[in-house]
Amino acid sequence: MLTASVRYAVAFVWQTQARCATMFARFRGNYTQRFMDKLDARILELLQGNGELSAAEIADRIGLSKAPCWRRIQKLQQDGVIRRTVALLDAHALNVGTTVFVTLKTGNHSEAWFDKFVRAVRDIPEVTEIHRMSGDVDYLIRIVVPDIDAYDVVYKRLISAVEFQDVSASFALETIKYTTALPLDYLKLD
């Protein structure tokens with residue numbers, strides 16, 4: 001006869017495998033494998049550096065005429081390679097210069113708990129990133145706030161919405177590197 005802890009561990013593994021399979025299927029269904037050439041890679045490099053560049057400016061920099069360059073950009077957008085173009089704002093100028101990395105552990109890995117968690121964090125504007133993790137913690141959250149007191153308000157809102165086994169926060173003292181640019185060295189080029 002299996003002990004309660006062994007039954008729980010088996011159920012957890014089954015639930016985790018099912019959730020991963022579902023997420024992979026969603027991901028695979030939303031992304032079509034696309035092979036790009038060196039011009040596409042150069043377009044992506046330029047746009048990651050400055051999303052305000054016009055098709056004409058990009059075309060001029062990569063040695064292509066404007067219309068074909070514009071069509072390539074459109075195709076990259078349609079294929080989901082370029083998800084969207086945004087403005088990157090200065091956190092200190094907006095008085096949210098304190099970055100807090102929060103690790104969460106939960107004893108509940110049910111789909112109902114997960115849905116409740118997603119709804120709760122989605123509605124907290126200070127939460128800028130959420131990652132489901134492997135290893136000792138279940139989730140890693142990045143929060144931006146003006147100060148520790150503001151973090152405490154976010155913390156209380158978070159723990160009142162969802163039950164956690166453990167919540168731990170680390171405050172960033174200095175940002176050594178921050179970029180939204182993805183490495184392009186791994187592209188499968190034609």
FRET efficiency (Thr175, Ala67; Cβ distance; R0 41 Å; to 0.05) is 0.50
When the accessible area of the stretch 68-136 is split by element with a 1.4 Å probe, what percent falls to carbon and sulfur?
49
Phi angles of the stretch 58-74, converted by Karplus (6.51 cos²θ - 1.76 cosθ + 1.60, θ = phi - 60°) into ³J(HN,Hα) in whole Hz with x for Gly and Pro, give 5, 4, 5, 6, 9, x, 10, 6, 4, 4, x, 5, 4, 4, 5, 4, 4
Residues whose modelled amide H sits under 5 Å from the amide H of Thr98, counting only those 5 or more places away in sequence or on another chain, are Val145
Once phi is turned into ³J(HN,Hα) by the Karplus curve 6.51 cos²θ - 1.76 cosθ + 1.60 with θ = phi - 60°, what whole-Hz value does each residue of the stretch 144-158 show in order, with x for glycine and proline?
10, 8, x, 6, 5, 4, 5, 4, 4, 5, 5, 4, 5, 5, 5
Length gained, Gln77-Glu52, 0.36 nm per residue minus C-alpha separation, equals 7.5 nm
Over what distance in Å are the Cα centres of the stretch 103-124 and the stretch 51-102 separated?
32
Enumerate the amide H contacts of Asp138 below 5 Å, restricted to partners 5 or more residues apart or on another chain; note that Pro and chain-start residues carry no placed amide H.
Leu104, Lys105, Thr106
What is the list of residues in the stretch 75-114 whose amide nitrogen lies under 13 Å from a point 7 angstrom out from the Cα of Ala120, following Cα to Cβ?
104-110, 112-114
Tell me the per residue accessible area of the stretch 127-190 using a 1.4 Å probe; a whole number in Å² is fine.
75
What does the extension gain come out to for Phe35 and Arg157, with contour length at 0.36 nm per residue minus their alpha carbon separation?
39.5 nm
Per residue, what volume in Å³ does the convex hull of the Cα atoms of the stretch 32-138 enclose?
169
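The values are calculated or read from the model by the stated rules, or taken from the named source; none is laboratory data. Please read all numbers here as calculations on a predicted model, not as lab measurements. Cβ atoms come from the backbone with ideal geometry, glycine included; neighbour counts cover every protein chain shown. Ligands, DNA and RNA are excluded from the accessible area calculation, which covers all protein heavy atoms including side chains. Shrake-Rupley method; radii C 1.70, N 1.55, O 1.52, S 1.80 Å.
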